[in-house]
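Chemist: This is the structure, below, for whatever I ask next.
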Amino acid sequence: WKPSPIYRAVSVPPGPERQCVPAGRPPTLLPALRPSLHARYSTRDWHQANMGQLRGSEASRSSAGRMNTDSMRLLQDKDQLTYQMQEDSRRNLGERMSNIDFWRAELIYELECLLKETQALETTKKRLECAVDEMQGPLKVALECLYNREKRQGIDLVHDDVEKNLIKEVDGFKDYQEILTKLAQKITEQLGTNRDAQHALERDLSDKNSAHFIDEKCYNLRNTSDSISFYYGVEKANGTVSVPATWAKFSEDNIRCSQHARANSVKLREDAEVGLESTSEEMWNHFISTNLAFNNRIAEVADAKNKLQAQLAKVLQEIFQTQDTIMLLERSIKAKEYPLKVAQTRLEARTKRPNIELCRDPPQFQLVTEAYTLGNTLQTLKQRLQEAQDTLQMLMLNKSNLEHDISVKANSFSIDKKCMDMRRVFPSTPRLIGY
């Protein structure tokens, strides 16, 4: 067989199978698996291995027996040692809990005393703050009185006893507030010191409680407890920070600091009590003296106002009379003008007489005399009218001044009365001392 000349022959690279298997033969597996059909060990090897295993097992069993005997003896010794050490540890823990209970009782007693003193000091501080707040009302009233009295007018803006007492009262209130505020600030600082001592006691007590709880838990631990576990290396770490001497001194110092804070607190409360009582008494004295000055001033203003009103009534009467006089003078002047007109008209008409008739006869002399006399009369009446009008203007000015002065006095009177109405209420002594 040959390929057709019209086809190209394809060359295929020979693979592994093509190299092993000749062309035209089926492959066989027997020659490739032949080595696996031979045994690896002999019968002798098998017997020697069994004997070696038996000898090794017998030696291990003998060694284990000796080890078990020694272990039982060691277990008994270590069990006894472990039991004794656990009992010693439990006894030491019990003694430690007794010491903790003693200092815990001391801390609780001191903490209760400190809390009572702190509460009393806070009450005193609240009393001081309440007293300062109570002073604010009278202080505002006194300042309002001073501001209202600035509304006085004219000559009534006088620096009288009322104003002096009001200024003294305002200064006193401010001084008392400053004194009580400083005492309150000192109490606030002392409260901070008390709280520091309280926190130290509470922290120490909390540490004692925690330590007591831990030691009690350790005291109650048994070998059958569920919460036990391994903590490798814990015995190598030194977790202590004090010795019994410094441990006891720490609580003793905390108690001594608390006692010192309580002593200072008691002294501050006594100072505050004395300050409240003294300021309350002085405030009442200022209040009474100012009210007395107000009453006296109101009486003086009322008396001056009454006198001015009486004088105004007299001036008004005189004004009415002067107005009547002016009216009469004006009527008289008006009545004199017509005769003067007649006389002057006659004279003017007689100037028109012709030639020789212009004679200075008795009628001429009489008319001239009449004209001069009426002119002088009118001049005198007008002068008197001017004097009357000037007098009326003077009276009107006097009337205006009196009315203005009366209004000024009335304004001052109403201001002082208003101030007295504002000062009708004053804090009682218990409220001034903070209750």
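The values are calculated or read from the model by the stated rules, or taken from the named source; none is laboratory data. Worth saying up front: this structure is predicted, and the values here are computed from it rather than measured. Virtual Cβ from ideal backbone geometry, glycine too; neighbours counted across all protein chains shown. What goes into the accessible areas is simple: the full protein's heavy atoms, side chains included, and nothing from ligands, DNA or RNA. Shrake-Rupley method; radii C 1.70, N 1.55, O 1.52, S 1.80 Å.
Chemist: Would you check which residues across segment 327-346 are crowded, with 17+ Cβ neighbours inside 10 Å and farther than 25 Å from Q366 by Cα and list them?
Modeler: L329
Chemist: Of S251, S227, which residue is open to solvent by 70 Å² or more (accessible area, probe 1.4 Å) and touching a Lys or Arg at 6+ places or on another chain (Cβ under 9 Å)?
Modeler: Being open to solvent by 70 Å² or more (accessible area, probe 1.4 Å) and touching a Lys or Arg at 6+ places or on another chain (Cβ under 9 Å) holds for just one of S251, S227, which is S227.
Chemist: Answer yes or no: is there a residue in segment 162-169 that is hydrophobic (A, V, I, L, M, F, W, C), modelled with pLDDT under 90 and in a helix (DSSP H, G or I).
Modeler: First pass over segment 162-169, keeping only residues hydrophobic (A, V, I, L, M, F, W, C): 162, 166-167.
Filter once more, keeping what is modelled with pLDDT under 90: 162.
Next, only the ones that are in a helix (DSSP H, G or I) stay: 162.
Yes, segment 162-169 contains a residue that is hydrophobic (A, V, I, L, M, F, W, C), modelled with pLDDT under 90 and in a helix (DSSP H, G or I).
Chemist: Let me ask another. Would you tally the residues in segment 68-87 being of a type in the set (A, V, I, L, M), open to solvent by less than 100 Å² (accessible area, probe 1.4 Å) and at pLDDT 85 or above?
Modeler: Qualifying residue count, segment 68-87: 1.
Chemist: All but one of (1) surrounded by 15 or more Cβ atoms within 10 Å (Cβ to Cβ); (2) modelled with pLDDT under 90; (3) not hydrophobic (A, V, I, L, M, F, W, C) hold for E202, so report the exception by its number.
Modeler: All conditions are met except number (2).
Chemist: Report, by residue number, each residue of segment 356-371 that is assigned to a helix (DSSP H, G or I) and more than 15 Å from E337 (Cβ to Cβ).
Modeler: Pass one, segment 356-371, residues assigned to a helix (DSSP H, G or I): 356-357, 362-371.
I356, E357, P362, P363, Q364, F365, Q366, L367, V368, T369, listed by residue number.
Chemist: If only one of A261, A299, A237 is open to solvent by less than 90 Å² (accessible area, probe 1.4 Å), within 30 Å of L397 (Cα to Cα) and of a type in the set (A, V, I, L, M, F, W, C), which one is it?
Modeler: A299
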